[in-house]
1. Beyond 23 Å, what percent of the Cα pairs of the stretch 175-325 remain?
2. Would you mind ranking GLU399, GLU98, GLU243 so that the residue whose beta carbon has the fewest other beta carbons within 10 Å leads the list?
3. Could you line up HIS171, HIS299 from fewest to most neighbouring Cβ atoms inside 10 Å?
4. Classify the stretch 109-249 as rounded, prolate or oblate, taking a ≥ b ≥ c as the square roots of the eigenvalues of its Cα gyration tensor: rounded when a/c is under 1.5, otherwise prolate if a/b is larger than b/c and oblate if not.
5. Cα atoms only: what Rg and Dmax, in Å, come out for the stretch 60-170?
6. Any idea what diffusion coefficient the stretch 337-430 gets from Stokes-Einstein, in µm²/s, Kirkwood Rh on alpha carbon pairs, 10 °C, 1.306 mPa s?
7. Can you give me the Rg/Rh ratio for the stretch 1-95, using Cα atoms for both radii and the Kirkwood formula for Rh?
8. Please give the Cα centre distance for the stretch 208-223 versus the stretch 1-67, rounded to the nearest Å.
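Derivation of every value follows stated rules applied to the coordinates shown; laboratory data play no part. This structure is a prediction, so every number in the text was calculated from the model and none was measured. Neighbour counts run over all protein chains shown; Cβ positions are idealised from the backbone, glycine included.
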Amino acid sequence: MLKYKPKVKTLPGPRSNTYLRKVKKYNLGWNHPYPFVHSGKGKGSFFEDLDKNVFLDFASQIASNPLGYNHPALIKVVKQFKNQSPVKYAGQDFTVQEHVDMIEEVLSIAPKGMNKIFLCNSGGEAVENAIKTAIRKQKGMQRAVSFRRAFHGRTLGALSNTNSSQVQKKHYPTFPVHRLPYDTRAIAFLEDMIKREAHPKDIGYVIMEGVQGEGGYNVPSKKLMKGIRRITKSRGIPLILDEVQSGMGRTGKWWAHQHFNINPDIMSSAKALQVGATLTSKKYMHEPGSISSTWGGGHRLDLLMGATIIREIKKKNLLNNITMQGEYLRKRLDEVSGVLNVRGLGLMCAFDLSSTKKRDDLVLELMKHGVVTLGCSDKGIRLIPPYTVSGEEIDMFIEALEHSLGNCNKKGFKHTGLICQYGYCARDHS
Ligand SMILES: Cc1ncc(COP(=O)(O)O)c(C=O)c1O
């Protein structure tokens with residue numbers, strides 16, 4: 001029996017709005033936040049905001065909260081640090097046990113052959129260091145290769161490979177990056193590029209997501225993944241798999257690329273891991289001092305959280321639940337009229353609406369019914385519930401979806417009121 005049910009009185013409620021107004025006034029990273037403020041209360045897939053609104057969370061903090069709210073194993077971790085300060089150390093130079101525990105835990109699930117790891121603070125940093133690792137080996141990089149609609153982060157190196165929306169890139173300098181379509185045409189394009197234009201040694205790396213995230217939750221074909229791996233391997237070009245969003249079990253395997261039976265040379269992870277990580281093999285080892293970061297490997301709480309999440313996924317066989325519930329979610333979505341192009345792997349799931357406006361209206365309408373989702377690509381909605389989600393919660397989501405879609409389809413439908421100030425869906429969803 002579920003203790004919580006979605007319940008929304010006002011959005012944003014008065015207490016949340018006090019904080020949101022200040023965020024809008026002062027936050028340099030203003031990005032139209034959701035119209036509520038978290039209270040810290042909740043359980044599993046549900047959370048409460050400061051105004052006691054209750055939400056069913058099918059966005060999981062953009063795939064970074066894999067076990068939901070107030071998971072007992074994670075509460076235990078938080079309590080462990082209650083009488084200790086600092087909790088954060090300059091971990092690359094001053095070693096803490098949690099750094100080593102996390103290294104061992106990540107390596108226990110790492111793709112074959114990966115035995116070197118650099119822990120840092122974010123996904124962007126993990127990608128940045130993956131790129132640096134590749135370039136250091138290739139030496140004479142003249143260009144890199146990434147994919148259309150890719151999202152790899154916002155730091156300048158990572159951003160060069162991002163091809164998601166202009167607002168993220170305009171006026172910033174970029175590396176020379178050659179862009180391939182995220183489908184099987186890419187194989188011939190890359191072969192042609194090597195034949196006519198670029199010596200393989202001049203190509204610093206090829207970077208791709210395991211499943212495209214912000215670009216639309218696009219699942220690549222086995223042919224594309226195998227083709228790119230074959231060319232990069234035979235030409236000695238490092239292949240970076242960015243698993244920041246698609247990794248850590250989200251697709252029902254530890255890493256999305258494992259669905260396609262390939263192995264990257266370098267990989268980035270973050271989000272569900274709670275810290276950033278760049279993984280590779282001995283072959284790509286740097287000389288000391290070439291990559292580092294003050295806090296990297298030193299945020300004891302985050303490291304122990306990440307290691308506990310991995311252990312919990314193993315202990316409770318959550319990869320099975322992810323696969324099973326992902327299939328159930330897509331089956332139920334296929335039955336809903338007006339829902340187009342249902343796709344995904346495991347609990348990395350999306351569908352399209354007929355237009356961007358319809359999508360934006362629906363995300364907001366769902367929120368008014370206490371269901372949190374996220375947009376992706378031009379008219380997609382991504383669904384990323386916690387790994388512990390139940391069939392009952394999926395049914396609850398589908399019921400809210402049908403009801404909200406019905407409302408949005410009514411003639412003259414329009415959102416009004418304070419909620420529109422947060423303009424939610426016009427924002428950039430990474
Ligand atoms: C595939 C991918 N790479 C990199 C990043 C950047 O991660 P962060 O926002 O932690 O810097 C993201 C973030 O959404 C992502 O989805």
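1. Result for the distance tail: 44 percent.
2. So the ranking, lowest neighbour count to highest, is GLU399, GLU98, GLU243.
3. HIS171, HIS299
4. Here the stretch 109-249 falls in the rounded category.
5. Rg, Dmax (Cα atoms, Å): 17.7, 52.
6. The Stokes-Einstein estimate is 116 µm²/s.
7. 1.05
8. Taking the Cα centre of the stretch 1-67 as reference, the centre of the stretch 208-223 is 28 Å away.
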